[in-house]
Amino acid sequence: MTAMIDVADARKTFTMHLQGGIELPVVRGVTFHVYPGECVVLSGPSGAGKSSILKMIFGNYRCDSGRIGIRHRGALVDLAAAEPRQILNIRRSTIGYVSQFLRAVPRVATIDVVAEPLIVNGMARADAQARAGELLHRLNIPERLWQLPPATFSGGEQQRVNIARGFISDLPILLLDEPTASLDAANRAVVVELVAEKKRQGVAMVAIVHDDEIRHLIADRIVDVASFAAAA
Amino acid sequence: MVDQGSANLDTLENDQPLLVAQSLSKSFGRIAACRDVSFALYPGEVLAIVGESGSGKSTLLQMLSGQLAPSGGHVSYRMRDGVTRDLTTLGEAERRFLFRTDWGFVHQDPAQGLRMAVSAGANVGERLMAVGWNHYGRIRETASDWLTRVEIDVARIDDAPRTYSGGMRQRLQIARNLVTEPRLVFMDEPTGGLDVSVQARLLDLVRSLVAELHLAVIIVTHDLAVARLLSHRVMVMKGGRVIETGLTDQVLDDPREPYTQLLVSSILPP
């Protein structure tokens with residue numbers, strides 16, 4: 001079986017020019033791969049670089065060296081060396097990302113925030129909205145809120161909108177940064193179900209989860225980020 | 001297996017740049033306002049040029065849109081017939097035609113892009129007449145449609161924009177530019193003179209129109225929030241040079257150059 005994600009010897013350091021050019025090593029030697037249908041959970045203490053690795057796989061953070069191999073439309077692409085246009089294509093058709101916080105566009109209705117990833121991939125608006133509605137319903141967002149922009153929602157509601165937006169597409173790779181952090185037990189269970197469905201569809205996932213119970217329920221393998229610690 | 005979604009967004013058409021800048025430079029006397037700028041813009045792509053005033057971003061926009069002759073370098077543009085032309089070889093009439101049809105230019109000050117004393121409907125209709133429309137009823141109908149799209153009450157169609165608020169004027173300027181379905185729109189600080197609440201509404205509108213019409217946009221702004229919301233790619237300018245360029249979220253979340261880090265760190269938290 002071919003890996004969907006193949007990270008090899010990736011390294012990341014921040015240089016803080018406004019603080020006299022100090023170097024903040026984040027991670028080095030990051031090497032792991034993820035196969036279709038499995039969920040790899042990154043573990044390690046806070047500050048170990050878990051989110052940074054996720055952001056490197058999404059192309060949001062640059063890599064100083066190493067390779068971020070992504071299987072995109074049947075070919076292996078090194079995201080660390082890809083052009084911006086290619087990264088955007090990869091995000092549209094291959095990699096989804098559920099961040100911790102929703103970066104909402106001011107006036108857009110919740111239902112459209114969720115449906116957008118399908119619409120940009122060419123689905124008719126009505127069909128995309130129908131699917132968005134199903135997911136919002138499963139995640140217990142009451143229908144009376146669907147036409148409102150999520151900016152005024154509670155933290156937990158916003159996170160569920162974010163999850164719906166992340167899970168709606170049929171993308172072969174999904175990155176999850178603390179998807180259950182501010183959810184109650186019922187909604188955590190929905191997320192666990194959604195992850196299981198994605199596995200059955202062959203989606204390769206990388207997740208950060210602090211909750212031991214959830215980690216236990218979704219992880220097929222655990223990668224210990226502490227072994228990539230950059231500080232000597 | 002996983003359905004990877006439709007692939008029609010990467011058609012061959014999109015693999016050819018629409019506009020290419022090669023080593024563009026401009027000096028005013030001894031002052032180099034813009035030095036050695038090169039990039040390619042593809043159909044449907046939104047490029048933000050950011051930097052402080054005096055960084056050369058407006059000079060660059062003027063050159064890209066053929067309004068200022070470069071001291072060095074070239075700008076080429078793929079015309080609707082598929083032929084790529086160097087802007088300097090276009091005659092004045094050809095350049096004006098391009099501006100009336102395939103290009104738009106949204107100025108910071110709407111008064112520069114509108115005729116303030118004629119009606120809103122005429123402001124929009126004029127662009128259509130310039131490309132040969134002559135049926136009054138259809139022109140008026142299309143103008144009304146566009147007013148609706150930019151959220152201006154059609155009841156105001158016969159009023160002159162000098163009776164409009166700043167936000168309405170800016171939306172009218174956008175309608176005037178987009179009515180001929182251009183492929184490329186230049187924007188110079190389009191939210192610059194507006195109140196914050198009015199800005200948000202305008203940005204939302206521009207964002208959805210750009211996606212719907214698959215417009216390529218080159219937007220000059222000093223506001224990184226505008227760049228983040230609208231653009232795919234960003235070029236950071238300082239002292240007439242491009243000092244950093246890349247995917248917008250990458251440059252803003254992981255800035256590499258000292259000056260970019262300074263710009264990013266100067267944003268007030270929302």
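Structure summary
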| read-out | value |
| --- | --- |
| Selected residue [surrounded by 13 or more Cβ atoms within 10 Å (Cβ to Cβ) and out of contact with any Phe, Trp or Tyr (no Cβ under 6 Å at 6 or more places or on another chain)] from A:Thr13, A:Thr2 | A:Thr13 |
| Lone qualifier among A:Glu38, A:Glu23 - being within 14 Å of chain B (Cβ to nearest Cβ) and either among the basic types (Lys, Arg) or surrounded by fewer than 16 Cβ atoms within 10 Å (Cβ to Cβ) (or both) | A:Glu23 |
| Every pair of residues 6+ apart whose Cβ atoms lie under 6 Å, when the first sits in segment B:52-68 and is without any contact (Cβ under 8 Å) to a residue 60 or more places away in the chain while the second is in a helix (DSSP H, G or I) and among the basic types (Lys, Arg) | B:Gly66/B:Arg95 |
| Complete set of residues in segment B:246-267 that are among the β-branched types (Val, Ile, Thr) and either more than 10 Å from chain A (Cβ to nearest Cβ) or crowded, with 21+ Cβ neighbours inside 10 Å (or both) | B:Thr248, B:Val251, B:Thr260, B:Ile267 |
| Any hit, segment A:204-212, residues being more than 14 Å from the chain's Cα centre (by Cα) and either part of a helix (DSSP H, G or I) or modelled with pLDDT of 95 or more (or both) | yes |
| Whichever residue in segment A:200-212 is within 14 Å of another protein chain (Cβ to nearest Cβ) and surrounded by 17 or more Cβ atoms within 10 Å (Cβ to Cβ) and, among such residues, is farthest from A:Lys50 (Cα to Cα) | A:Val203 |
| Condition met for B:Val242 (assigned by TED's automatic domain parsing to the domain that holds B:Leu64, modelled with pLDDT of 95 or more and buried (at least 17 other Cβ atoms within 10 Å of the Cβ)) | yes |
| Check on A:Gln129, surrounded by fewer than 15 Cβ atoms within 10 Å (Cβ to Cβ) and touching a residue at least 12 places away in the same chain (Cβ under 8 Å) | no |
| Residue check, B:Ala122 surrounded by 14 or more Cβ atoms within 10 Å (Cβ to Cβ) and at pLDDT 95 or above | yes |
| Among residues of segment B:183-200, those that are in contact with a helix residue (DSSP H, G or I) (Cβ under 7 Å, 6 or more places away or on another chain) and either surrounded by fewer than 24 Cβ atoms within 10 Å (Cβ to Cβ) or at pLDDT 95 or above (or both), counted | 6 |
| Members of segment A:83-98 found to be within 9 Å of another protein chain (Cβ to nearest Cβ) and in contact (Cβ under 8 Å) with a residue 12 or more places away in the chain, listed by number | A:Ile87, A:Asn89, A:Arg92, A:Ser93, A:Thr94 |
| Every residue from segment A:1-47 that is assigned to a strand (DSSP E or B) and among the acidic types (Asp, Glu) | A:Asp6, A:Asp9, A:Glu23 |
| Residues of segment A:154-174 that turn out to be away from every other protein chain (no Cβ under 14 Å) and either free of Cβ contacts under 8 Å to residues at least 24 places away in the same chain or closer than 30 Å to A:Leu76 by Cα (or both), as a count | 7 |
| Residues being of a type in the set (Asp, Glu) and either more than 17 Å from B:Met63 (Cα to Cα) or exposed (fewer than 13 other Cβ atoms within 10 Å of the Cβ) (or both) - total across segment B:83-101 | 2 |
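The values are calculated or read from the model by the stated rules, or taken from the named source; none is laboratory data. Here the structure is a predicted model, which means the values were calculated and not measured. Reconstructed Cβ throughout: ideal geometry from the backbone, glycine too, with neighbour counts over all protein chains shown.
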